[in-house]
1. Only one of (1) among the hydrophobic types (A, V, I, L, M, F, W, C); (2) at pLDDT 85 or above; (3) assigned to a loop (DSSP other than H, G, I, E, B) is not met by Ile348, so which one is it?
2. With (1) within 26 Å of Cys104 (Cα to Cα); (2) modelled with pLDDT of 85 or more as the list, and Lys44 as the residue in question, which single condition is left unmet?
3. For the range 234-250, which residues satisfy the criterion of being of a type outside the set (Asp, Glu) and at pLDDT 90 or above?
4. Taking the range 58-76 on its own, how many of its residues are within 30 Å of Thr89 (Cα to Cα), among the hydroxyl-bearing types (Ser, Thr, Tyr) and not in a loop (DSSP other than H, G, I, E, B)?
5. What's the number of the only condition in (1) among the charged types (D, E, K, R); (2) in contact with a Ser or Thr (Cβ under 8 Å, 6 or more places away or on another chain); (3) at pLDDT 75 or above that Asp464 fails to meet?
6. Please verify whether the range 226-234 includes one or more residues that are within 22 Å of the chain's Cα centre (by Cα) and basic (Lys, Arg).
7. For Lys352, state whether it is touching a His at 6+ places or on another chain (Cβ under 9 Å) and surrounded by fewer than 20 Cβ atoms within 10 Å (Cβ to Cβ).
Amino acid sequence: MNTSFWILLALGMVLTIAAIVTKAIQFFTAEPKVTVDYLAEYNKISKPDGFDPNDNAYELYKKAYEVYVRPSEEVKETLNGWHEDINETQKAALQEWLGKNAECMKYLEEGNKKKFFWAELDMRVDAWEKDDSKAKEDGKNNDIMSWPARTGARIFEQRARVAAMDGYFDEALTALMECWKIGEHYSNPKLLLGIRGGLSVKERALEVAFRILDSSKLDVNDLRLWQESWQKTFDENKYRPSFETDRLIWYGYIQKNFAYHPKGKGRLAWKKAKEFDHFDDCSSIGKDGKIHEVWKRTGINPRYCCLFGPTSNKVKRLIDYICEHYEKYGDETPWFCYYSEQKFQREIEEWKVKHPLPKMMYIIPDLSRFWLSYHRLKAKSDALITVIALLRFKADQGHYPKNLEMLRPREGFRYLEKLPQDPFSEGPLAYHWLVDDFELYSVGPDFNDDEGKRTHDGYPFSGDNKGDDVFWPPFRLNRENIKFMPSKDRPKP
């Protein structure tokens, strides 16, 4: 071989090595690049139709936020024990706290009369501790956006609780309606807040209503007022969950964490990977025979995802597919969509296996839980009306009906216009007549009737999808004192 061949070979090797080194440098130094202001786009699209600043509750909610008086430690303990009975001392402490928040409640009530609750979101809250007044103000605005659902609604819940203890059931109803209105203000179908915040507030209002009905004795007139008021509220509720703008938030999340590539071929940035490495503490028995707490990595190593994980384009396409999937459901019940949903979930799981992402990288939206929560709330709303109808029946007849069919309109009686349908089965909510009580529940998102066995003691949304969503009786600390009729002796509906 002549000399020129070796020169060309050496030159080729040098260029190849240089190219590899250049690629390696580019890979390890590549950073995300903000090319689209997805937050600005989100704020633009999420603004309610026909928005008028004069009809916006934001400024009134902001005033309520500013005059809010935080609870004492004693009151905090009472607030946390939402499912427990309270004594006179605790009630007095609650009343004192509510009195201090009279002005706060006034602003909230005035805000509830407005048509909208909307404000621009800003994600620069990471600069909160810096000497940046603009960033601090933006952070405060974001805090105010969540405060009414997180704290403002709780004030009305406790107001209803105290009013019911004193026998003022009309005042308790009014307070719960104010709580529900806060949930309505969050129910902007264009906003993710509407799904997370609004449904949660409404669910808590219903939960308090059930507890008041369980712990207090309302007369026939109070029961009729409660049923008519709640039924009117539910009939006027036109909210349906939508995921129209939510994908923009996830787009922005991808943009901030994936390496920039003009064609969208960038993967998780190497410099960002350490933020998603997840470790859990677990117990381990050492050589000395003692139990030691050790930290172990859980999930996929994010460095692997930087090398072989999905590109930003692939993740975006999946997010679009998920959003479009739930948009097409409309108001169809989970029972009706059971088979298509099972197929869809298998597709998502297969995608995750082929395109793994770190455990802490919440980049794949789980919209199924929001869709299921919407239908669980609807079932609970129907259950509240049914429970009130059952209590009215007992007040008139002296006993509970053996089945829900007995509540249908008939000569001289009008307890229930239609049977409450279970969105997780093909029939109505399950009703079991007991010796001196009754059970009313939905079979829940596992689509399996567990005969009223609940797997969680708190709000249905906080539990998993196993077991039944039991609406009545509400969770009671002394459930062993309730006489249940054996399943084999229960009359068939």
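1. The number of the failed condition is (3).
2. (1)
3. Kept after step one, since they are of a type outside the set (Asp, Glu), are these residues of the range 234-250: 234, 237-243, 245, 247-250.
Within the range 234-250, Phe234 is the sole residue that qualifies.
4. Count: 1.
5. It is condition (3) that Asp464 fails.
6. no
7. Values: touching a His at 6+ places or on another chain (Cβ under 9 Å): no; surrounded by fewer than 20 Cβ atoms within 10 Å (Cβ to Cβ): yes.
No.
Rundown of residues vs (1) under 26 Å from the mean Cα position of the chain (by Cα); (2) of a type in the set (S, T, N, Q); (3) farther than 30 Å from Ile254 by Cβ, yes/no style:
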| residue | (1), (2), (3) |
| --- | --- |
| Ala30 | no, no, no |
| Thr35 | no, yes, no |
| Pro53 | no, no, yes |
| Tyr61 | yes, no, yes |
| Val75 | yes, no, yes |
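The values are calculated or read from the model by the stated rules, or taken from the named source; none is laboratory data. None of the values given here were measured: they were computed from a predicted structure. As a convention, Cβ positions derive from the backbone with ideal geometry for all residues, glycine included, and neighbour counts pool all protein chains shown.
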